[in-house]
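Each remark here refers to the structure printed beneath this line.
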Amino acid sequence: MITAEHLPIDIVIEILCRLPIKSLTVLKCVSKSWNKLISHVCIPRVSADVCILNLYTGFLRRFRHSWYLSDKKPEVNYVGSIPKDKGKGEVYHEIDCCNGLSLYKCHQPDYASRYVVANVATNQCFRIPEPLEHVKSNYAALIFDPVQSKDYKVVLPHSYLDHPRLDIFSSENGKWVRHFVPGDWVKYLFVVESDAPYYRGFKWAKKAVHLDRMLYMLTEKKYCVQFDLKSATVSAQVIELPSPGCETGTGLIENSRGVLYYLNYDEEFRLLMWQFDYHSTSGKFWEVKHCICINDLLDNNQAIWHTLHVHVRDRQPCRLFEPYGVHPLSDIIFLGLQGKVYTYHLGSHKCELVWKPERILSWRRDFIYAFSYSYVNVKDFHKADHDLLSLTTTTENVK
């Protein structure tokens, strides 16, 4: 009789990846080696088969729509939902997501908790304890890397120019900790808009990026602020972005397969994609990896050219496609054009229409987060509030 111990590891992985997620979860209890193999190899591989596009819109940074990039639907244990648009202000809005986890915020001050972290794939939901200090805006960052740890963090910046600080919640200990982070980084992230008090304070463009226990934020002034979260003392560094010579648009930073990228146009309206090398010894942190000429893109994809408005065809070279995101596991970038989302394959140079959202996209504020569901059970820092359905029921009672 042939057992798993006598089979090559590649065959074992192939067999396990063909099983349903629920069966994989049960098999993690067989042994420590199987637990490690399934958690770090099989489940991430199965999760990568499904890519979901989440669209976040405007200054409010709220989730609006989602779209499955492939025909394969994820296997989830989702039995409830975070309530939306119910009652007067009694609403949880999704404001960020990271590697399968979603961060929600409630705007009613008398709620027991203002932030909720949920994993719809494993049907887990955690109410975060009250933060040390409330902020009006939705600018908060969720950090989660299931390969490194089952713990997650919520980063909440505070807009004090004289005492810049970050409040960080960690599920490892279930507490908020205040970190004073000295340096001139604060002046790059601080935004003042006199006619809109809600938008004052710390702001970053598009979305924050978590990579190797570092948090990267793209500023409105075209700088990148890096927060080192590896040690108990948080430090910050301002990284100068490449200067392509194009004055419009902040561009986009994104994490794909463990590499940080920056996308923006140059003075000739070519879309450039830079790769970041933090350990560079030459002093040049950014290296151009891809250069996309828009005219060549249209020549290779005539079907898109015929869909353009007449006045757009007659224009001189311009910022035609807007970069909205990068696929986390493939050589694909997501481009926006005339309210539609396209995939551009960096290898084949093929551009395809994949999504037409219900609302018109704003290239200045909107962004797309491409991610796969995480089937890793997040470590619970308390015993209660682990079911999404209970949150729905509680909210209904408050109504």
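The values are calculated or read from the model by the stated rules, or taken from the named source; none is laboratory data. These numbers come from a predicted model, not from an experiment. No Cβ is skipped: glycine too gets one built from the backbone with ideal geometry, and neighbour counts run over all protein chains shown. Heavy atoms of the whole protein, side chains included, go into the accessibility calculation; ligands, DNA and RNA do not. Shrake-Rupley method; radii C 1.70, N 1.55, O 1.52, S 1.80 Å.
Considering Val354, Val312, the condition of being outside any loop (DSSP other than H, G, I, E, B) and at pLDDT 75 or above is satisfied by Val354 alone.
Taking the range 249-268 on its own, how many of its residues are over 28 Å from Phe144 (Cβ atoms) and surrounded by fewer than 18 Cβ atoms within 10 Å (Cβ to Cβ)?
Looking only at that region, the number is 4.
Residue count for the range 129-159, restricted to those that are assigned to a strand (DSSP E or B) and either over 20 Å from Met217 (Cβ atoms) or within 17 Å of the chain's Cα centre (by Cα) (or both): 9.
Within the range 244-255, at least one residue is more than 27 Å from Gly100 (Cβ to Cβ), part of a strand (DSSP E or B) and modelled with pLDDT under 90. With respect to the conditions (1) at positive phi; (2) touching a residue at least 40 places away in the same chain (Cβ under 8 Å), Trp286 falls short on a single one, namely (1). Considering the range 160-180 alone, what residues qualify as being more than 21 Å from the chain's Cα centre (by Cα) and either polar (S, T, N, Q) or crowded, with 18+ Cβ neighbours inside 10 Å (or both)? Passing the criteria: Pro164, Arg165, Asn173.
For Asp162, all conditions in the list (1) at pLDDT 70 or above; (2) of a type outside the set (Lys, Arg); (3) under 17 Å from Leu142 (Cβ atoms) hold save one; what is the number of the exception? Unmet condition: (3).
Summed over the range 190-219, the residues that are part of a loop (DSSP other than H, G, I, E, B), modelled with pLDDT of 80 or more and over 14 Å from Pro157 (Cβ atoms) give a count of 2. Restrict the check to the range 322-334 and report whether at least one residue is under 26 Å from Glu267 (Cβ atoms), in contact with a Pro (Cβ under 8 Å, 6 or more places away or on another chain) and modelled with pLDDT of 85 or more. The answer is yes; a qualifying residue exists. For the range 35-59, taking the residues that are at pLDDT below 70 and loosely packed, with under 15 Cβ neighbours inside 10 Å, the one that is nearest to Leu142 (Cα to Cα) is identified as Gly58. How many of the residues making up the range 206-242 are in contact with a Ser or Thr (Cβ under 8 Å, 6 or more places away or on another chain) and either of a type in the set (Gly, Ala, Ser) or crowded, with 19+ Cβ neighbours inside 10 Å (or both)? Here the count works out to 6. Could you list, ordered by first residue, the pairs with Cβ atoms under 7 Å in which the first is in the range 349-368 and under 26 Å from Asn300 (Cβ atoms) and the second is open to solvent by 60 Å² or more (accessible area, probe 1.4 Å) and at pLDDT below 80, at least 6 apart or interchain? What qualifies is Trp355/Trp67. All conditions in (1) at negative phi; (2) modelled with pLDDT of 85 or more hold for Asn99, with the sole exception of (1). Starting from residues that are surrounded by fewer than 16 Cβ atoms within 10 Å (Cβ to Cβ) and among the small types (Gly, Ala, Ser), keep the ones in the range 357-391 and report whichever is modelled with the lowest pLDDT. Among those residues, the one meeting the criterion is Ala384.
In this structure, is Glu133 surrounded by fewer than 16 Cβ atoms within 10 Å (Cβ to Cβ) and at pLDDT 75 or above? So Glu133 fits the description; yes.
Of Ser23, Ser81, which residue is more than 30 Å from Glu352 (Cα to Cα), modelled with pLDDT under 75 and among the hydroxyl-bearing types (Ser, Thr, Tyr)?
Working: Ser23 fails: modelled with pLDDT under 75.
Result: Ser81 is the single residue among Ser23, Ser81 that is more than 30 Å from Glu352 (Cα to Cα), modelled with pLDDT under 75 and among the hydroxyl-bearing types (Ser, Thr, Tyr).
Taking the conditions exactly as written (modelled with pLDDT under 90 and touching a Ser or Thr at 6+ places or on another chain (Cβ under 7 Å)), does Ala112 satisfy them or not? No.
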